[in-house]
Amino acid sequence: MPTLGIIADTHIPQRLPRLPAGIDRVFRGVDLILHAGDLNRLDVLDELNRIAPTLAVAGNADLFGTGLPARRVIEIGGRRVGLTHGHGSWPRYLWRKLIDAYEFDGDFYTRAARAEFERERVDAVVFGHTHRLCHFTLDGVLIFNPGPVAPRYYNTRRPQVGLLHIEATGLRVEVIEL
């Protein structure tokens, strides 16, 4: 059964000069890598494509002409995976920035990411944006954010990536600190 490498919020060169060591080791042998946005530079995709075929979506920090879609649905191993950055539309994102200045609603972006695929049958929603690990099932749909590659937010100690295993019995995730 297929295994997907899951990565988000690389922020290169905004927060990190390059992908951290160890990503190639963790993702070696995966069938596909999904990048949940905030690459900042498209050549990050070139590096990841040397490890395994990579699909990505644009994040709020991918502002100028990346050509990446805001969301996509990937069918693999008999499952459908929704991929989004999770920040929503620009008006929604800017409104949330104002609200977040006063109090963070940790569930808001999770609900927003799930809502992007509400009208489609998906087995999982993979997102980024919050720089926080998120892993649970909501109405039978796996919701997964591996946390950031570029830490320094919310006391994330080290860069994190994930693996999404598509198995006969369901979906299973792993989170790996680099």
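The values are calculated or read from the model by the stated rules, or taken from the named source; none is laboratory data. The structure presented is a predicted model; accordingly, all values stated were derived computationally and were not measured. With ideal geometry, Cβ positions are generated from the backbone for all residues, glycine too; neighbour counts draw on all protein chains shown.
When the residues of the range 2-35 are filtered to those that are modelled with pLDDT under 95 and among the β-branched types (Val, Ile, Thr), the one that is nearest to residue 125 (Cα to Cα) is 10. Looking at this structure, is residue 110 more than 15 Å from residue 8 (Cα to Cα), among the polar types (S, T, N, Q) and not in a loop (DSSP other than H, G, I, E, B)? Here the answer is no, as residue 110 does not meet what is asked.
Among the residues of the range 26-65, the ones that are farther than 13 Å from residue 10 by Cβ and not hydrophobic (A, V, I, L, M, F, W, C) come to 8 in all.
Might you check whether a residue that is in a strand (DSSP E or B) and within 15 Å of the chain's Cα centre (by Cα) occurs anywhere in the range 46-53? Taking every residue of the range 46-53 in turn, none turns out to be in a strand (DSSP E or B) and within 15 Å of the chain's Cα centre (by Cα). In this entry, residue 58 passes the filter for residues that are modelled with pLDDT under 95, touching an Asp or Glu at 6+ places or on another chain (Cβ under 9 Å) and assigned to a loop (DSSP other than H, G, I, E, B). The set of residues in the range 135-151 that are surrounded by 14 or more Cβ atoms within 10 Å (Cβ to Cβ) and in a strand (DSSP E or B) comprises 135, 141, 142, 143, 144, 145, 146. Residue pairs whose Cβ atoms lie under 8 Å apart, separated by 6 or more positions or on different chains, with the first residue in the range 120-144 and under 15 Å from residue 36 (Cα atoms) and without any contact (Cβ under 8 Å) to a residue 40 or more places away in the chain and the second hydroxyl-bearing (Ser, Thr, Tyr) and surrounded by fewer than 19 Cβ atoms within 10 Å (Cβ to Cβ), are 132/153; 132/154; 132/156; 143/137.
Report yes if some residue within the range 99-108 is at pLDDT 95 or above and either over 22 Å from residue 26 (Cα atoms) or crowded, with 20+ Cβ neighbours inside 10 Å (or both); otherwise report no.
No, the conditions are met nowhere in the range 99-108.
Among residues of the range 38-56 that are under 17 Å from residue 2 (Cβ atoms), those with a beta-carbon under 8 Å from a residue that is part of a helix (DSSP H, G or I) and not small (Gly, Ala, Ser) at least six positions away or on a different chain give the pairs 48/23; 48/27; 51/23; 51/24; 51/27; 52/27; 54/45; 54/48.
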